Structure formats: C-alpha cells, structure tokens
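A.B. asks: Below is the structure I would like to discuss, written out as structure tokens.
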Amino acid sequence: MSDSIARQDPFDLGGVRDHQEYARALERMVGQGRRERCVALLSETEAHVVAELLGQYAQLDPTSELNQLAATLASRLYSRLGV
C-alpha cells in the first residue's frame, strides 16, 4: 500500500495493533454495512470467486478471528447469490 493511500484510511484501520484488533474493526464495519443501502459492486461471477477464495482462506485456520470473519463473509455472499 502506498503512503498516500495509507494516509487516507477512510475506514480508520490504520491504528489497529494486531490481527485480533483488525478482525474486530472489520466486524464493526460489516455490522455497519448491514445497515447501509445495498449497491452492487461485483458481478455475479466475481462474487462467486470472492466467496470461494474467502471460504478457502477460512479453512486454513478455522479458529482465527480473521478466518472466522472470512467464513461469515463467504456465507453471506453465497446466501445473496442463492447458493
């Protein structure tokens, strides 16, 4: 990530100190996203690919907070895709 992008930090993730804190910050963002209006950002094909990659990542270490978050996001994507 370039310095100019890191300085922008619109999601306030720059101050996190470790993976657990990062996972908690991402979970808060997911919660916030559930309350916002939905906008399509990915094609259906892209969403399938992202869900598959998140699911594979989640299986690497199922007890890790980041991996559990990946599993949740994969599940939500698959649910929205009707899979």
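A.B. asks: For the stretch 25-39, does any single residue satisfy the condition of being open to solvent by 100 Å² or more (accessible area, probe 1.4 Å) and modelled with pLDDT of 80 or more?
C.D. replies: yes
A.B. asks: Taking the stretch 52-73 as the region of interest, how many residues are part of a helix (DSSP H, G or I) and over 11 Å from the mean Cα position of the chain (by Cα)?
C.D. replies: 9
The values are calculated or read from the model by the stated rules, or taken from the named source; none is laboratory data. Remember, predicted model here, so these are calculated numbers, not experimental data. Calculation scope for accessible area: heavy atoms of the full protein, side chains included, ligands and nucleic acids excluded. Shrake-Rupley method; radii C 1.70, N 1.55, O 1.52, S 1.80 Å.
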